[in-house]
1. Do we find that residue 199 is among the polar types (S, T, N, Q) and touching a Phe, Trp or Tyr at 6+ places or on another chain (Cβ under 9 Å) in this structure?
2. Among the candidates 190, 118, 131, single out the residue that is more than 24 Å from residue 19 (Cβ to Cβ), of a type in the set (Gly, Ala, Ser) and in contact with a strand residue (DSSP E or B) (Cβ under 6 Å, 6 or more places away or on another chain).
3. Return yes when residue 13 is touching a residue at least 12 places away in the same chain (Cβ under 8 Å), buried (at least 18 other Cβ atoms within 10 Å of the Cβ) and in a helix (DSSP H, G or I) and no when it is not.
4. Any idea which residue in segment 185-206 is farthest from residue 162 (Cα to Cα), counting only those that are in contact with a helix residue (DSSP H, G or I) (Cβ under 8 Å, 6 or more places away or on another chain) and aliphatic (A, V, I, L, M)?
5. Given (1) within 16 Å of residue 38 (Cα to Cα); (2) touching a helix residue (DSSP H, G or I) at 6+ places or on another chain (Cβ under 6 Å); (3) in contact (Cβ under 8 Å) with a residue 60 or more places away in the chain; (4) not small (Gly, Ala, Ser), identify the lone condition not met by residue 85.
6. Please determine whether any residue of segment 116-134 is surrounded by fewer than 18 Cβ atoms within 10 Å (Cβ to Cβ) and part of a loop (DSSP other than H, G, I, E, B).
7. Within segment 57-82, restricting attention to residues that are aliphatic (A, V, I, L, M) and in a helix (DSSP H, G or I), which residue is surrounded by the most Cβ atoms within 10 Å (Cβ to Cβ)?
8. Got a sec? Which of 146, 161 is more than 12 Å from the chain's Cα centre (by Cα), crowded, with 22+ Cβ neighbours inside 10 Å and of a type in the set (Gly, Ala, Ser)?
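The values are calculated or read from the model by the stated rules, or taken from the named source; none is laboratory data. Note that the structure is predicted; figures quoted are calculated from it, not measured. All Cβ positions, glycine included, derive from the backbone under ideal geometry; neighbour counts span all protein chains shown.
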Amino acid sequence: MGSRREIDVGGLAARVAALPGIPELRAAAEAAGVRAHLVGGSVRDLLLGRDRADLDLVVDGDHMALARALGGELRVHDRFGTATVATAGGPVDVARARAESYAHPGALPRVRPSGLEADLARRDFTVNAMAVALARPGELLDPLGGLEDLRCGTLRVLHEGSFADDPTRALRAARYATRLDLDPDPATLAGIRGADLATVSADRVEAELRRLAREERPRQGFELLSNWGLIELAPGAGELIEGVAALLATPLPPGLRTLNIGGEVLTRALCDRVYANPGVRRIVNV
């Protein structure tokens, strides 16, 4: 854990105002007659002064009224009460405030309407459980202590059953730890080490590992997962991960054939090398 971060909450309103499309979002919320809040990673990154391409909004009420009022192309996800709207300022995820329950460990959540505080309490870590009302952008809503954890560089889970409910949160922890320079507190680390990935589908595990692979420091993230006992790195995996990351950061020469895997562009030569070598056929063994 590094030194304590200086985070200027007093500048929050100005940072919100500088986000692309904020006047349109406020106008749409007013036209829809709903209270809308920026939440989760959107607020966290604003506090850290980090750029963010998309925005997450939670509505205490009819989220579809706001989604329609924004006027962009809509993708609706009925199961979870969410919608994604393509706006001129970028994609906006709009969700109804909701609570969650899990039928068994690793199950997809059952959702039901709730208030904002219950919505924040269902999230993965405290640093992702803050909100800012569009109508009052200078007021940070932080009922679970996310700001203090962000200042201290601490990754803290919200409740002791979190990793049983959704073990992929343990994989996500590596992503946040490497991207944001956070260290799990002892209780969170114990939960991570005890997460049972066998209770979730291989597709969900792979999706999280692909997200981790797209981070700026993927090797560090995968090595964290290995140190935590969640994955076994194959021989040579660290060097291979670094090589792929360097390749992805290099502009491709004109005419070079590419292969798109999960949104990542790899050269055909690298893919041939990986799949021709049984020792590195899979970067990780889960």
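1. Answer is no for this residue.
2. Values: 190 fails: in contact with a strand residue (DSSP E or B) (Cβ under 6 Å, 6 or more places away or on another chain); 131 fails: more than 24 Å from residue 19 (Cβ to Cβ).
None of the other options fit; the residue is 118.
3. no
4. 205
5. Unmet condition: (3).
6. no
7. For segment 57-82, the residue satisfying everything is 66.
8. Numbers: 161 fails: crowded, with 22+ Cβ neighbours inside 10 Å.
Answer to the selection: 146.
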